[in-house]
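Just below is one structure, and these are the notes that go with it.
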Amino acid sequence: MPPIVWLVRLLVGAYPRWIGSVPSANQRIYFANHTSHMDTVVLWSALPASLRANTRPVAAKDYWGGGGLRTQIARDELNVVMVDRAREDPEADPLDPLRDALEHGFSLIIFPEGTRSAQPLPGPFKSGLYRLAVEFPQVELIPVYIENLHRSMPKGALLPVPIICTVRFGAPIALREGESKEQFLERARAAVIALAQ
Amino acid sequence: MPLTLHETFFAVLGGLVVLFATATVLGGWLQARTAEPVKLAWIGQLNARIRASWAIVLLFAIAFAAGGGALVLIFAIASFFALREFIALTPTRPSDHRALVLAFYVVIPLQYTLVYTGWYGMYAVLIPVYVFLLLPVVMALGQDVERYLERVAKVQWGLMISVFCVSHAPAIAGLQIPGYEDRSALLLLYFLLVLQLSELLAVIVSAAIGRTPLRSNPNKSREGVLAGGAAATLLGTSLWWMTPFAWWQATLMSAAIVVAGFMGGLVLASIKGNLGAREWYGGVQLSRGVLDRIDALSFAAPVFFHLTWYFFAS
């Protein structure tokens, strides 16, 4: 077990609950609520070791790409797909690195709110999830709710506090025929919120 | 001629290995020949407790090989996981963060360092006095007065139960008793044995004769607890030779351990009911949390420690 997973287990447990789906090697996009910088590592650690190797978290270049230990973990352990939130090159589509990873057969972990929220329940989703759902209809979309992590490391805190947290995986959702972007994104958000109950 | 420490140690551990091995084999045999779901459920309970009993043997094998420091470290780790579970059950707010950092990263290491160095005058008051005064100050600095008293009290309670109380178990092994100086680790083994056997026997008797189930724990009945407690007290009496006590003193001490342990189970069940305990770990065999495993110990350890300290070590 990589040291980072060991550390996450020690601090917050990251116990997986497979409620509507089972661990599977099918290509998947896990989408979750985002309350803490630790979300990325915690969701990844909650997956079985056999799936971790093939699952890449999508993370912001401005936080994870700054160099140092954080970047080393992102690159060597998590195999992160870096996304340019700041849009340095206005011509480039920020989703391109995700498309590239999906085309190579990787599963992805994404946080469709785009930024951390102060509330445990997610705010409105950005459209990236919808666009990926249109372009990659064969990929399963799994809603995930990460419980308690906002208490372990609230926004602005430097040290995580040990608190048991569970990661709940729900039933896959798929784009329905004739469904609009707004309807789909709202349904996806509702699927994450439903797991919080 | 009295046995040396090593001989006593090996004799007791050897006895335990035989006892638990027999119990494990019997439990497995029972499980294999039973088909009724209700009976299977309690046999599963029983076997989980028998497996937990092996932890005592393991603990002392490690302590024997690596010394008293390992004993202290193992209980410190238990405190860490117990407090983690307690805080997860407690509704905390973002402004509690500093107080929690203090509790986990300062109080736990400090308390166990004091226990390791044997500074009785300090580890007996650190959490009930100094942390009790410091914690509300740290929380007040967060300038969040909503449910202030409740939040302070819950973190303080978590520290008392999971750190202060539990740390008194390894402290037993550090007691300086005249005429028993280097053998205090045996006293800790004695304490854990009486406690664990009263648990184990209570579950066995409850399952065998049943009757009135306890409100705090449906796996135990009133009759089972009484019979289990009596049997553990008898056993504690018969093991007087490994303690500094006379046989009748061993009877009273065992009874005190059993009663305090029962009260610990009662109180922890009420706390978990109040906090809306939930099952964190998943799976069948691991579904009992850390707090469930330390409930009896958390009350019995300080009681046994102080009785021994007052009457034999001071």
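Data for the structure
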| item | result |
| --- | --- |
| Calculated FRET efficiency for the pair A:Ala174/A:Ala196, C-beta based, R₀ 22 Å, to 0.05 | 0.55 |
| Extent along principal axes [Cα atoms of the range A:1-61; Å; largest to smallest] | 28, 26, 22 |
| Residues A:Met38, B:Met139, B:Met122, sorted so that the one with the fewest Cβ neighbours within 10 Å comes first | B:Met122, A:Met38, B:Met139 |
| Two-site label geometry, A:Asn26 and B:Leu73: point separation in nm, points 7 Å out along Cα→Cβ | 4.6 nm |
| Share of Cα-Cα pairs in chain B lying beyond 28 Å, as whole percent | 42 percent |
| Label-zone membership for the range B:66-85, site B:Thr113, 7 angstrom Cα→C-beta point, backbone N under 17 Å | B:69-70, B:72-74, B:76-77, B:80 |
| Which of B:Thr251, B:Thr308, B:Thr90 has the fewest Cβ neighbours within 10 Å, and the rest in rising order | B:Thr251, B:Thr90, B:Thr308 |
| Under Karplus coefficients 6.51, -1.76 and 1.60, residue-wise ³J(HN,Hα) of the range B:174-181 in Hz, glycine/proline x | x, 5, 9, 10, x, x, 9, 3 |
| Calculated on alpha-carbon atoms, Rg and Dmax of the range A:3-195 in Å | 15.6, 46 |
| FRET E, pair A:Lys126, B:Ala208, Förster distance 35 Å, beta-carbon r, rounded to 0.05 | 0.05 |
| Compactness index (Cα Rg / 2.2 N^0.38 Å), the range A:96-197 | 1.17 |
| Amide hydrogen neighbours beyond the local backbone of A:His34, cut-off 5 Å, H modeled | A:Ser117 |
| Listed residues B:Trp119, A:Ile19, B:Asn274: farthest to the positive end of the dipole of the protein assembly as shown (Cβ charges) | B:Asn274 |
| Cα principal axis extents for the range B:69-174, largest first, Å | 43, 25, 17 |
| Modelled label reach - B:Glu146, point 7 Å along Cα→Cβ, the range B:75-91 residues with backbone N closer than 15 Å | B:91 |
| Shielding of B:85-96 by partner chains, average beta-carbon count, 10 Å | 4 |
| Cross-link partners of B:Lys39 among lysines (Cα-Cα below 30 Å; sequence separation of 8 or more within a chain) | B:Lys220, B:Lys272 |
| Trypsin sites (Lys or Arg not before Pro) restricted to DSSP loop in the range B:80-159 with at most 15 other C-beta within 10 Å | B:Arg147 |
| Reach of A:Lys126 by Cα under 29 Å, taken over lysines that are not fewer than 8 positions away in the same chain | A:Lys61, A:Lys155, A:Lys181 |
| Restricting the range B:171-258 to trypsin sites (Lys or Arg not before Pro) in coil, as DSSP defines it, with at most 14 other Cβ within 10 Å | B:Arg211, B:Arg215 |
| Long-range amide H partners of A:Val81 with built H, under 5 Å | A:Val58, A:Ala59 |
| Centroid-to-centroid separation of the range B:22-47 and the range B:72-122 [C-alpha atoms, Å] | 37 Å |
| Alpha carbon convex hull of the protein assembly as shown, volume per residue in cubic angstrom | 180 Å³ |
| Linear extension gain, B:Leu134 paired with B:Met122, 0.36 nm per residue minus alpha-carbon span | 2.8 nm |
| Kirkwood Rh (inverse of mean 1/r, distinct Cα pairs), the range B:195-314, angstrom | 15.2 Å |
| Order of A:His104, B:His168, B:His306 under a 10 Å beta carbon neighbour criterion, fewest first | A:His104, B:His306, B:His168 |
| Residues with amide H under 5 Å from that of B:Ser221, placed H, sequence gap 5 or more | B:Ser206, B:Leu214 |
| Linear extension gain, A:Leu95 paired with A:Thr115, 0.36 nm per residue minus alpha-carbon span | 5.6 nm |
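Only the coordinates and a few stated rules stand behind these numbers; no lab work does. These numbers come from a predicted model, not from an experiment. All Cβ positions, glycine included, derive from the backbone under ideal geometry; neighbour counts span all protein chains shown.
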